[in-house]
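Down below is the structure, laid out as structure tokens.
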């Protein structure tokens with residue numbers, strides 16, 4: 001009942017504004033929020049038709065509906081994400097963060113950042129439980145649109161390694177190399193690679209799980225590629241040195257990935273996510289109280 005009374009009061013305000021026809025007149029009501037002409041005027045070009053202005057109003061309505069949902073769901077971007085975004089803005093404008101913060105329009109910048117991050121957060125909230133699966137027909141249809149696609153495969157590997165830093169002294173290098181050869185022999189006789197790694201390796205990068213993520217072979221240093229050439233899954237390289245570091249590397253797994261296909265699938269999934277979210281916005285729009293005063297456009 002209170003909800004209806006609020007709408008009545010809003011309508012009274014609208015009609016009173018209509019008498020004066022001022023530039024900042026109300027052009028729409030969205031639940032308990034108002035849209036004024038000023039909110040869309042910045043995007044209006046001199047030759048815009050009424051239909052084009054109405055499109056801007058509808059875009060503003062969709063935005064307000066999302067912002068209302070963000071408030072209802074208490075979606076707030078994390079401080080570190082906001083700061084990271086502000087840092088990127090400063091960098092892209094050749095400014096320090098302090099310089100950006102000192103600008104008179106900084107309040108508008110940070111409000112814009114918070115709003116965009118909140119909108120992204122809302123979309124993630126709505127689509128996070130989606131289980132999107134692509135059919136072979138969908139994928140083939142998209143591949144048919146790129147007849148010049150050569151199906152280039154990227155070789156990838158997962159590795160584990162034991163590394164020891166050297167001092168560049170001849171004796172030190174010889175001792176490290178001999179130690180790694182000894183460790184290789186122990187592993188080949190059945191000793192655990194991961195246990196020996198925990199004892200001897202000075203490499204922190206793979207310390208926790210002892211194995212790497214999938215690595216693009218072509219992007220590894222040339223000396224690395226050369227030392228791993230011809231190794232099969234489960235085999236261990238001869239000791240080799242890059243910079244100050246000696247290492248032995250075990251091949252955990254190999255695969256060939258069609259990067260174009262990976263990107264294509266990701267694109268199709270994003271499209272389906274966008275469609276789902278767009279339909280969700282349409283749904284909440286149907287459930288909302290919306291009144292547009294197109295006579296003021």
(request) Starting with the fewest neighbours, write out 255, 247, 158 ranked by other beta-carbon atoms found within 10 Å of each beta-carbon. (result) 255, 158, 247
(message) Once the convex hull of the alpha carbons of the chain is built, what does its volume come to per residue, in cubic angstrom?
(response) 257
(message) Connecting C-alpha atoms closer than 10 Å in a GNM of the chain, tell me which of 62, 274, 94 has the biggest fluctuation.
(response) 94
(message) Could you tell me the calculated FRET efficiency between residue 266 and residue 186, based on Cβ-Cβ distance and R0 = 41 angstrom, to the nearest 0.05?
(response) 0.45
(request) Would you mind computing, in nm to one decimal, how far apart the modelled labels at residue 178 and residue 166 are, each placed 7 Å from Cα along Cα→Cβ? (result) 1.5
(message) What's the ranking of 70-76, 42-48 by average number of surrounding C-beta atoms within 10 Å, highest first?
(response) 70-76, 42-48
(request) Fewest Cβ neighbours within 10 Å first, please rank 246, 214 accordingly. (result) 214, 246
(message) Given 10 °C and 1.306 mPa s, compute D for the range 127-253 with the Stokes-Einstein relation, Rh being the Kirkwood radius over Cα pairs; round to the nearest whole µm²/s.
(response) 92
(message) I need the peptides 215-222, 31-38 ranked by packing, meaning the mean over residues of other C-beta atoms within 10 angstrom, with the highest value on top.
(response) 31-38, 215-222
(request) Compute the FRET efficiency between residue 211 and residue 154 as 1/(1 + (r/R0)^6), taking r as their Cβ-Cβ distance and R0 = 22 Å, and round to the nearest 0.05. (result) 0.70
(request) Multiply the residue separation of residue 103 and residue 280 by 0.36 nm, subtract the distance between their alpha-carbon atoms, and state the gained length in nm to one decimal. (result) 59.9 nm
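Where a number appears in this text, it was derived from the coordinates with a stated rule and is not lab data. Note that the structure is predicted; figures quoted are calculated from it, not measured. Heads up, the Cβs are rebuilt from the backbone with ideal geometry, glycines too, and the neighbour counts pull from every protein chain shown.
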